Amino acid sequence: MARPAQAHIYLDAILANYRAAKACAPQARAIAIIKANAYGHGAVAVAHALAEEADAFGVACIEEALELRAAGIRQPICLLEGFFSAEEIPLMLQYEFIPAIHHAAQLALLAQYLPLNTQTNQLKVWLKLDSGMHRLGFAPEDLTEAYQNLRALPVQVLGLMTHFARADEITCPYTQTQWQRTQQWAQSLKLALCCANSPATLAWPSTHADWIRPGIMLYGATPIPEAQTPVRLRVGMRLSSQLISVRDLAAGEGVGYGHTFVTTQPSRIGVVAMGYADGYPRHAPSGTPVYLEKLGACVPLIGRVSMDMLTVDLSTCAQAQVGDAVELWGQHLPINQVAKAAQSIAYELLTKVTARVPRYYHY
Ligand SMILES: *Cc1c(COP(=O)(O)O)cnc(C)c1O
C-alpha cells in the first residue's frame, strides 16, 4: 500500500487552458511558461502535452531548457533570465535556445565569445526593456545603445520583451504606463513586442501585442481571484490524500506540536497524510479549508502542520473514517482559497509540491 499523498495532473486541462490563453489574444503567438518544472506539474509532461500547439516555451535557465531538449521537445525555448556565463553560449547555439538579453554584462560576453562560434546556427535573442518592474532589463535610456550593440553581433533580435509589475491589480494604472513606454520603444526600434503574463493576458487586452507569455493560467489558477476571467480555466493539479487516523477527544485536549489548537468541546479529529515535506504550507493556520469527499464540503485544518501530517476537525462529519479521501486543493477547493488562508499565492503552493509526492498524469 502506497502513502496516499498524491498530485493528480490534468494535462488535458492544461492544454485547454493554453487554448483559452490563445483565445484571449487571438492575434498573438504564445510562449507557454513552463519554468520551475512547469510550476510543479512536470515540465516534460506539460511540454509534451502542449507540443502540438505551443508556439514556444519559456523557462528560467538553460538547465530547464536542456531537460526539454533531452526529452525531444523541438519548439523554440526562451530563457527568461537569459544566460549567466560564457559556457552557455555554445549550448544556446547548438540547441537553439533564445535568451532574453537584459544586461550589458551579457552583451560583453556575446561580443567576446560569439565570433568564436561562427560556424554554428545564428543566435536568436529577445531584447529586454525595464519598463518599470526594475528587476531585469535595460533602462529606457540605455536601450538604443544595447540594441545597436546587438545588431553589430551575429544575432537575430526577435523583438522587445518587458514584464509587468502590477498586472494582477486590475484598477492600477501602472500596467498602462509600462505598456505605453514599451510600445513607444518597439515602434521606434521597429521590433515585435512580448509583454503579457497571465494577468495581462486575462485583464489587459490592450497589451497582448505580438506574443503573450502565459504561466499560472495554464495551470488553472487565476492570478486575479477577485475578478471574473474572460475564459474558464480548468484545474491543472489536484493535491489529494486520505485520513490515516480518526480519534475522539474530550474537551480541553491539545492537538499536535505546541498544542496550538485545544478542543473546546468533545471533538472528532482526523489525521491526513500530507505535511510540509510534501509542500503543503506549514504556516497554514487553523481554519484553512480541507475538502472531505464524503462530506462534500470542507472541514477546518486545526493545529500545526507537521512534516508528514496535518490534522482536521471532523466534528461535522460523524461518518468520517480512516481511508476517506481528502482534497488539499483541486476541483472542489480552489488553490487560491488555500493560498489566501496561508498568506501565500497559488504560484508558491504549486511550485513547492515536493518530489516525494507522486504525480499521476491524466490525459
Ligand atoms: C514567470 C514569468 C511569466 C509568467 O507569469 P505568470 O504570472 O505565471 O503568467 C511571464 N514572463 C516572465 C518574464 C516570467 O518570469
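Would you point out the residue of region 180-197, among those that are in contact with a Ser or Thr (Cβ under 8 Å, 6 or more places away or on another chain) and not hydrophobic (A, V, I, L, M, F, W, C), that is surrounded by the fewest Cβ atoms within 10 Å (Cβ to Cβ)?
Arg181
Criterion first (among the acidic types (Asp, Glu), away from the ligand (no atom under 16 Å from the Cβ), free of Cβ contacts under 8 Å to residues at least 24 places away in the same chain and more than 26 Å from Gln180 (Cβ to Cβ)) does Glu141 satisfy it?
Working: among the acidic types (Asp, Glu): yes; away from the ligand (no atom under 16 Å from the Cβ): yes; free of Cβ contacts under 8 Å to residues at least 24 places away in the same chain: yes; more than 26 Å from Gln180 (Cβ to Cβ): no.
Here the answer is no, as Glu141 does not meet what is asked.
How many of the residues in region 211-239 are farther than 21 Å from Leu349 by Cα and not in a loop (DSSP other than H, G, I, E, B)?
2
Does Ala60 fit the bill of being open to solvent by 10 Å² or more (accessible area, probe 1.4 Å), under 15 Å from the mean Cα position of the chain (by Cα) and of a type in the set (Gly, Ala, Ser)?
On the way: open to solvent by 10 Å² or more (accessible area, probe 1.4 Å): yes; under 15 Å from the mean Cα position of the chain (by Cα): yes; of a type in the set (Gly, Ala, Ser): yes.
Answer is yes for this residue.
Considering region 51-78 alone, what residues qualify as being away from the ligand (no atom under 11 Å from the Cβ) and touching a residue at least 40 places away in the same chain (Cβ under 8 Å)?
Asp55, Ala56, Pro76
Across region 1-28, which residue is surrounded by the fewest Cβ atoms within 10 Å (Cβ to Cβ) among those that are in a helix (DSSP H, G or I) and of a type in the set (Gly, Ala, Ser)? Walk me through it before giving the result.
Of all residues in region 1-28, those in a helix (DSSP H, G or I) come to 11-24.
Then drop every residue that is not of a type in the set (Gly, Ala, Ser), which leaves 13, 16, 20-21, 23.
Details: Ala13: 22, Ala16: 18, Ala20: 22, Ala21: 24, Ala23: 11.
Residue satisfying both the conditions and the ranking: Ala23.
Checking the structure you have, find out if any residue of region 29-37 is surrounded by fewer than 14 Cβ atoms within 10 Å (Cβ to Cβ), basic (Lys, Arg), within 16 Å of the ligand (Cβ to nearest atom) and farther than 28 Å from Gln6 by Cα.
Within region 29-37, the first condition is being surrounded by fewer than 14 Cβ atoms within 10 Å (Cβ to Cβ), and the residues that meet it are none.
No - not one qualifying residue is present in region 29-37.
Please go through region 210-229 and give me each residue that is surrounded by fewer than 16 Cβ atoms within 10 Å (Cβ to Cβ) and either acidic (Asp, Glu) or under 29 Å from Leu158 (Cα atoms) (or both), ordered by number.
Taking region 210-229 and keeping what is surrounded by fewer than 16 Cβ atoms within 10 Å (Cβ to Cβ), we get 226-228.
Once the filter is applied, which keeps residues that are surrounded by fewer than 16 Cβ atoms within 10 Å (Cβ to Cβ) and either acidic (Asp, Glu) or under 29 Å from Leu158 (Cα atoms) (or both), region 210-229 yields only Glu226.
Looking only at region 230-243, which residues are surrounded by fewer than 19 Cβ atoms within 10 Å (Cβ to Cβ) and more than 19 Å from the chain's Cα centre (by Cα)?
Let us first name the residues in region 230-243 that are surrounded by fewer than 19 Cβ atoms within 10 Å (Cβ to Cβ), namely 230-232, 234.
Within region 230-243, Pro230 is the sole residue that qualifies.
So, restricting to strands (runs of 3 or more DSSP E) that lie completely within region 246-363, which ones have at least 2 residues that are surrounded by 13 or more Cβ atoms within 10 Å (Cβ to Cβ) and not basic (Lys, Arg)?
Counting at least 2 such residues, we get 267-272, 289-292, 297-302, 310-313, 325-329.
With respect to Ile31, is the statement that it is aliphatic (A, V, I, L, M) and touching a helix residue (DSSP H, G or I) at 6+ places or on another chain (Cβ under 9 Å) true?
Numbers: aliphatic (A, V, I, L, M): yes; touching a helix residue (DSSP H, G or I) at 6+ places or on another chain (Cβ under 9 Å): no.
So Ile31 does not fit the description; no.
Against the conditions (1) within 16 Å of the ligand (Cβ to nearest atom); (2) within 12 Å of Cys24 (Cα to Cα), where does Ser206 fall short? Just the number, please.
Status for Ser206: all satisfied but (1).
Does region 209-234 hold any residues that are within 12 Å of the ligand (Cβ to nearest atom) and of a type in the set (S, T, N, Q), and which are they?
Thr222, the sole residue that qualifies.
Test each condition in (1) in contact (Cβ under 8 Å) with a residue 12 or more places away in the chain; (2) within 24 Å of the chain's Cα centre (by Cα) for Ala355 and report the one that comes out false.
(1)
The values are calculated or read from the model by the stated rules, or taken from the named source; none is laboratory data. These numbers come from a predicted model, not from an experiment. Cβ coordinates were reconstructed from backbone atoms using ideal geometry, including for glycine residues, and neighbour counts include every protein chain displayed. Quick note on the areas: whole protein, heavy atoms, side chains included, nothing else; ligands and nucleic acids left out. Shrake-Rupley method; radii C 1.70, N 1.55, O 1.52, S 1.80 Å.
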